[in-house]
Amino acid sequence: MKADLLHLERLQNYDGGFEYWRRDEDSEPFVTMHVMHALARAKVEGYAVNDNTISQGLSYLRDIENKCRAKGYGDYTTRTIAAYAVYVRNLLKDPDVAKAKELLPHFKVEKSPNLDAIAWLWPTLAQHAKDSTELKELRRFVLNRATETADKAQFSGSYGEGDGQYLLLHSSQRTDAMLLGALLIDEPKNALNSKLVRGLLAQRKKGRWNNTQENIWVLLALQSYFRAYESQTPNFLASLWLDNTFLGEEKFEGYSNKEGQLHVPMAKVPEDNADLIVQKQGAGRLYYRIGMQYAPKSLRLPAENRGFLVERSYKGLDNEADVKQLENGDWEVKAGAKVEVTLTMVAPERRYHVALVDQLPAGLEPLNPALQGTPPTSHGGEVEQGRGRGWWYWWHWYEHENLRDERVEAFASLLYPGVYTYTYTALATTPGEYVLPPLKAEEMYSPEVYGRTATGRFVVK
């Protein structure tokens, strides 16, 4: 750390700014922001940072808008970098409440809000203008843009212009992390904090996020969350009661990934109202989840949308007349016919660890093109994207798929808001009248977030 700090000090230009690689080149506003942010974080954590380096850097940050305009940045990008400067200056004990209030209206736009910039302005107002109208409006504006599921939360926003998104290294995960960090300063006991953390943790792949920017901001937010919620080393006894009936307990000592599970048969649950009591005795934070597994009494289930909208359709491949849908929604297929099955899934917001599972009715069997001897079939779920003029590329939205005798599955660790399709070919093998199970999409580790089609009948004749 000492060597790095000394190296950065030597790279500072006479105007207080920094360039990408060397000294005595034109300072870059956004690079300067990153370096000053790093120096501010080091100073906050108690490292010795050269006072002259900080002083010169602050002088550059106070004039950041003129520096950006000299580089030819547009007004929107310039203001966004200025918001970042307000954030870093606040870390360095140089708050500028007036500038935060001046910039806020430019980003608090209903159709395309710049939530990153708002997250940078938020701590200054939260710490130095606690009772201001601007802070109250900011808080309301941001929290109204949080979308929640049973255990996770995220925000929806954009930069509103292409050069800003490219230059400022925007991503949805980074935005969530930045807003979490600001919310922890303003409202450290807000129940949304834990949901935002779960959302960020769900986006990891192999223990990390998509790029260095996301890693930086997510880890900073998680550090703040840890200090606010988990600074006490766990040493507690968790107990569960159903009214006056003791169900069980589990001891937790030290930081770990330990989990305890307790299964209660439905026969033990009273038919009338009963209180389920979760009790903690000792230091530390207890996380818990309560769920219920059940089997429906009826084989005729309505469609459900609890986070996903899904649809399924069948079409005759060799002859469209081989497949028809009846007035009540049931399907009738000619024995021996090839059937093209199209699955459609709509994710209104980001969804994590998604499974799309189509349980086939008996009498219908998928044709797996990976098996030798299978004729060419419709298969897969490609998303078409355009880049530039005259050329295109395609990619699969899913990362893994299974075609089994009785079901077809597709899996994705992260889905952004959008419409996704998956197509496969099946063969109507056995005449008869069968139950048509629902097509279902769900978050595998949060099964409360799901969607399914209605059940029905599938007739092969």
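The values are calculated or read from the model by the stated rules, or taken from the named source; none is laboratory data. Worth saying up front: this structure is predicted, and the values here are computed from it rather than measured. As a convention, Cβ positions derive from the backbone with ideal geometry for all residues, glycine included, and neighbour counts pool all protein chains shown. Keep in mind that these areas ignore ligands, DNA and RNA; they rest on the heavy atoms of the full protein, side chains included. Shrake-Rupley method; radii C 1.70, N 1.55, O 1.52, S 1.80 Å.
Summed over the stretch 277-316, residues that are closer than 26 Å to Lys152 by Cβ and of a type in the set (S, T, N, Q) total 3. One residue stands out in the stretch 186-207 among those that are charged (D, E, K, R) and either under 14 Å from Arg350 (Cα atoms) or touching a residue at least 12 places away in the same chain (Cβ under 8 Å) (or both): the one that is least open to solvent (accessible area, probe 1.4 Å), namely Asp186. In this structure, does Thr32 turn out to be at pLDDT below 95, touching a Lys or Arg at 6+ places or on another chain (Cβ under 9 Å) and not in a loop (DSSP other than H, G, I, E, B)? So Thr32 does not fit the description; no. Of the helices (runs of 4 or more DSSP H) that lie entirely inside the stretch 58-118, not one contains 3 or more residues that are crowded, with 18+ Cβ neighbours inside 10 Å and acidic (Asp, Glu). When restricted to residues that are touching a residue at least 40 places away in the same chain (Cβ under 8 Å) and either exposed (fewer than 13 other Cβ atoms within 10 Å of the Cβ) or polar (S, T, N, Q) (or both), the stretch 229-246 contains 4. Note on the stretch 271-302: residues that are closer than 30 Å to Thr455 by Cα and of a type outside the set (Asp, Glu) amount to 14. Taking the criterion of being surrounded by 16 or more Cβ atoms within 10 Å (Cβ to Cβ) and more than 33 Å from the chain's Cα centre (by Cα), the residues of the stretch 403-433 that qualify are Ala426, Leu427, Ala428.
Checking the stated criteria, Ala412 turns out not to satisfy the condition of being within 16 Å of Arg306 (Cα to Cα), in a strand (DSSP E or B), at pLDDT 90 or above and in contact with a Phe, Trp or Tyr (Cβ under 6 Å, 6 or more places away or on another chain).
Looking only at residues in the stretch 281-308 that are open to solvent by 80 Å² or more (accessible area, probe 1.4 Å) and in a strand (DSSP E or B), the one that is nearest to Glu148 (Cα to Cα) is Arg306. Can we say Arg312 is open to solvent by 70 Å² or more (accessible area, probe 1.4 Å) and closer than 30 Å to Arg407 by Cα? When the stated conditions are applied, Arg312 does not pass them.
Rundown of residues vs (1) under 24 Å from Ala38 (Cα atoms); (2) not in a strand (DSSP E or B), yes/no style:
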{"site": "His170", "(1), (2)": "yes, yes"}
{"site": "Leu179", "(1), (2)": "yes, yes"}
{"site": "Leu200", "(1), (2)": "yes, yes"}
{"site": "Glu249", "(1), (2)": "no, no"}
{"site": "Gln261", "(1), (2)": "no, yes"}
{"site": "Val264", "(1), (2)": "no, yes"}
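Tell me, please, whether a residue that is touching a Ser or Thr at 6+ places or on another chain (Cβ under 7 Å), more than 17 Å from Glu365 (Cβ to Cβ) and buried (at least 21 other Cβ atoms within 10 Å of the Cβ) can be found in the stretch 449-458. Among the residues of the stretch 449-458, at least one is touching a Ser or Thr at 6+ places or on another chain (Cβ under 7 Å), more than 17 Å from Glu365 (Cβ to Cβ) and buried (at least 21 other Cβ atoms within 10 Å of the Cβ), which makes the answer yes. Can you run down the residue pairs with Cβ atoms below 6 Å, 6 or more apart or on separate chains, where the first is in the stretch 439-461 and farther than 21 Å from Arg350 by Cβ and the partner is open to solvent by less than 50 Å² (accessible area, probe 1.4 Å) and of a type in the set (Phe, Trp, Tyr)? As it stands, the answer is Phe458/Trp331; Phe458/Tyr434, since those pairs meet every condition given.
Within the stretch 355-364, can one find any residue that is over 27 Å from Glu448 (Cβ atoms), open to solvent by 20 Å² or more (accessible area, probe 1.4 Å) and either assigned to a strand (DSSP E or B) or modelled with pLDDT under 95 (or both)? For the stretch 355-364, residues over 27 Å from Glu448 (Cβ atoms), open to solvent by 20 Å² or more (accessible area, probe 1.4 Å) and either assigned to a strand (DSSP E or B) or modelled with pLDDT under 95 (or both): present. Please determine, by comparing only the residues of the stretch 119-150 that are part of a loop (DSSP other than H, G, I, E, B) and of a type in the set (Lys, Arg), which one is nearest to Ser172 (Cα to Cα). The extreme case among them is Arg145. Applying the criterion of being touching a residue at least 40 places away in the same chain (Cβ under 8 Å) and within 26 Å of Arg198 (Cβ to Cβ) to the residues of the stretch 119-141, the residue that is most open to solvent (accessible area, probe 1.4 Å) is Arg139. For the stretch 315-334, filtered to residues that are in a strand (DSSP E or B) and without any contact (Cβ under 8 Å) to a residue 40 or more places away in the chain, the residue that is surrounded by the most Cβ atoms within 10 Å (Cβ to Cβ) is Val323.
If the condition is being open to solvent by less than 70 Å² (accessible area, probe 1.4 Å) and either within 20 Å of Trp120 (Cα to Cα) or touching a helix residue (DSSP H, G or I) at 6+ places or on another chain (Cβ under 7 Å) (or both), then the stretch 1-26 contributes Leu5, Leu8, Glu9, Gln12, Asp15, Gly16, Gly17, Phe18, Glu19.
Here the stretch 15-26 is the region considered, the condition is being modelled with pLDDT under 95 and of a type outside the set (D, E, K, R), and the residue that is nearest to Ala85 (Cα to Cα) is Tyr20. Of the residues making up the stretch 341-354, just one is within 14 Å of Val323 (Cβ to Cβ) and open to solvent by 30 Å² or more (accessible area, probe 1.4 Å), namely Thr342. Listed by first and then second residue, the pairs linking a residue in the stretch 361-372 that is in contact (Cβ under 8 Å) with a residue 60 or more places away in the chain to a residue that is crowded, with 16+ Cβ neighbours inside 10 Å and outside any strand (DSSP E or B), with Cβ atoms under 8 Å apart and 6 or more places separating them unless they lie on different chains, are Pro361/Pro437; Pro366/Leu360; Leu367/Thr377.
Within the stretch 1-38, if we keep just the residues that are touching a Leu at 6+ places or on another chain (Cβ under 8 Å) and in contact (Cβ under 8 Å) with a residue 40 or more places away in the chain, the residue that is farthest from Arg69 (Cα to Cα) turns out to be Leu5.
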